[in-house]
Structures are given as structure tokens and as C-alpha cells.
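The values are calculated or read from the model by the stated rules, or taken from the named source; none is laboratory data. Source: prediction; values computed, not measured. As a convention, Cβ positions derive from the backbone with ideal geometry for all residues, glycine included, and neighbour counts pool all protein chains shown. Please note that ligands, DNA and RNA were not included when accessible areas were found on the heavy atoms of the full protein model with its side chains. Shrake-Rupley method; radii C 1.70, N 1.55, O 1.52, S 1.80 Å.
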Amino acid sequence: MSAPAWERSLEVHTAAQTHALAAALGAVLETGDLLVLTGELGAGKTTFTQGLGEGLGVRAGIISPTFVLVRIHPNLPGGPRPGGPDLVHVDAYRLESAAEIDDIDLENTMDSAVTVVEWGRGRVEHLSDSRLEVELHRTLGGAAASAEIPADTGASPVLDFDTDDDDEPRTVVIRGFGPRWAEAPTLPGAGPLPGTTPQTPERNP
């Protein structure tokens, strides 16, 4: 697997900061972009995706697609980005392979949407030559919690209804892969990543 072109690690202290960071990122996303979102129960994945939706200007009401696998949130003609991409939100926890990803025909929506896949690592990289990987880590007992339970452990599915995100500090790690993300994006707002505290500088190989 190729190394990322860059990596940025940030600390957010509240759910509102998580949302604001994602909204700023959503504002610079374009049709065809692929995001792989990782984080354990309560890490803030739903809050982050809601922020992305705000930045993209799609219909509100984003919740985890745990049972339906895929939810499509259409762009709002009267929103901040009329004519922009829809948001396709995927939960790949119960999908064990790239072949099962292919069965839900994401290729047919990528030409008109930004695609966000939870639990997508190792399953969706073939969909695009570029992607952003976003990891959200909770701090529990002073140590970062495990980011992901591999699908092949036999563990019971973790149902992620983390819409009631609390204000526990979290670390957000963003990595860019492929030509689309050869450089880290410049995000709108005050500074490169509004509402966050940089922990490590941008790293280029």
C-alpha cells in the first residue's frame, strides 16, 4: 500500500470543533472525492460526517447508515453550494471484501457525489486513485483508544449511533493519497484548520 503524500494530526476539544473542522473540509471537496473514515464507537464519526454535509451543502439529517449500508444525501439547490456534489455515506462494517463493495455499485454514484465510507480501509481503495483517510481517536484514561475493530475478528458488530457526541478531546488524523491530494488542502476559515490545535507539522516524503 502506498504511503500518504502528507499527514496532519490535530486535536479537537468539543463536538462543535469536530463539526467545524469537517465543515471546512467539506467546503473544498469535489465530485468524485473519496473519504475513508475510521473511529470506534463514540469517536465522532457521525458528527464529522454531519459537518462534511454542511460544508457540501447537502440535505440535513445525516445519521449512521449501519442497517441500510448506504444513504444518499442530495445537494440542496438553495444551499451554500448549489449544483455541487451529493454526499454518499456508506457503512462497510458488514462488508468483508472489495467485491462486496462493488456489489453496491458505488462507481455509479461517484461521478455525481462525494463518497464517505466508514470501516472502508482495505475495502474501497480500488474505487479511486486518490483518497483522504480520516481517523478519529477518543482519549480514554489518557491513552488513545483503538481506532477500529477489524471485520475478521468475529467480534459482534458495533452499532455506531454517536450522534450525541460529547466534548471529550479527540485526535483527528488526516492523510492524503494520490494525485488529487498531493498537497494538503487550504481550508476556509481562520487558519488552515479552524477550531483545532496542530500536534504535528505537515509531513511530505
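Take the residues of segment 171-197 that are modelled with pLDDT of 70 or more and assigned to a loop (DSSP other than H, G, I, E, B): which is most open to solvent (accessible area, probe 1.4 Å)? I'd like the intermediate steps shown before the answer.
Quick first cut of segment 171-197, residues modelled with pLDDT of 70 or more only: 171-188.
Subset that is assigned to a loop (DSSP other than H, G, I, E, B): 178, 182-188.
On the way: G178: 31, A182: 55, E183: 142, A184: 19, P185: 24, T186: 118, L187: 10, P188: 67 Å².
Result: E183.
Out of the residues in segment 87-118 meeting the condition of being aliphatic (A, V, I, L, M) and open to solvent by 40 Å² or more (accessible area, probe 1.4 Å), tell me which one is modelled with the highest pLDDT. If you could, list the steps in order and put the result at the bottom.
Applying the first criterion (aliphatic (A, V, I, L, M)) to segment 87-118 yields 87-88, 90, 92, 95, 98-99, 101, 104, 106, 110, 113-114, 116-117.
Now drop any that are not open to solvent by 40 Å² or more (accessible area, probe 1.4 Å), which leaves 99, 104.
Working: A99: 83, I104: 87.
Across segment 87-118, the extreme among qualifying residues is I104.
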Need a quick list: strands (runs of 3 or more DSSP E) entirely within segment 1-86 having at least 1 residues that are surrounded by fewer than 17 Cβ atoms within 10 Å (Cβ to Cβ). 6-12, 70-73
